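First comes the structure, then the notes that go with it.
The values are calculated or read from the model by the stated rules, or taken from the named source; none is laboratory data. As the structure is a prediction and not an experimental result, all values here were calculated from the model. In this analysis, Cβ positions are derived from the backbone assuming ideal geometry, glycine residues included, and neighbour counts consider all displayed protein chains.
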Amino acid sequence: MRIYEIDGKLYTSVTTILKYTESEEEQAYNNRWRQYKADCEQEAILEKASKRGDVIHNCLANWINKEPKSLEPLLEFGMNEDRQNLIEEDMRAFEWLASEQLVYSKTHKFAGTLDGLAKWDNKTVIVDFKTSNKTYTDYDASEKLPQLAAYVIALEEIEDIKIDAVIIANLNCKLKTRGFTFFLFDYEQIMEAKLCFLSRLIEFRNNYNIDNLILNASIGKD
């Protein structure tokens, strides 16, 4: 379990809530994944993938926040200058407002860290970066929507702004000739996902002793 400490108060992370309220289908998939991880021969591969995801996220956040802008760290993962230019072209399609922003809901007592907040096509959008070894399908992207809907709930509460859409930006690390694959979810889809997340939040609180879970929790970001 992961928690956030904000102004002396503890908030359950969004990813923890979703993990503890997985559907049977999600549980079956994750059980297969855990079995896969149990194979010691694969540990180095998984560790590399985890490191890759962290490095790429940090690289994109630095690109948003710092000058001069550079994606050079992506070279470590075989993304040459041509691929970097494609990624940068996609990044410049947005007017970035924030990156790696902590968001939380005092009303619902959860928190998380969103990857990016931006203006796009006259809309205010949350952008979530996902790295993978295959290009996401619509189903893969939709499975991530409750997480982003939670960020929308929190951001609209603490910032008093309206989020028009959320975008999942999937970066297939094995491709050489394209930047991101984008998946756009509009306001109506966000509203449905909000209800889904809040339902799972209620399920989480009803089924688990939060105080006991907190004793074994780590403090950090989603």
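In table form, for the structure just shown:
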{"read-out": "Lone unmet requirement of (1) farther than 18 Å from Leu18 by Cβ; (2) surrounded by 15 or more Cβ atoms within 10 Å (Cβ to Cβ) for Lys106", "value": "(2)"}
{"read-out": "Residue identified as within 18 Å of Lys19 (Cβ to Cβ), acidic (Asp, Glu) and at pLDDT below 95 among Asp160, Asp128, Asp222", "value": "Asp222"}
{"read-out": "Where a residue in the range 154-165 is farther than 17 Å from Lys109 by Cα and its partner, wherever it lies, is of a type in the set (S, T, N, Q), with Cβ under 7 Å and at least six apart", "value": "Ile161/Thr124; Lys162/Thr124; Ile163/Thr124; Asp164/Thr124"}
{"read-out": "Hits in the range 119-135 (condition: more than 13 Å from Phe94 (Cβ to Cβ), more than 14 Å from the chain's Cα centre (by Cα) and free of Cβ contacts under 8 Å to residues at least 60 places away in the same chain)", "value": "Lys134, Thr135"}
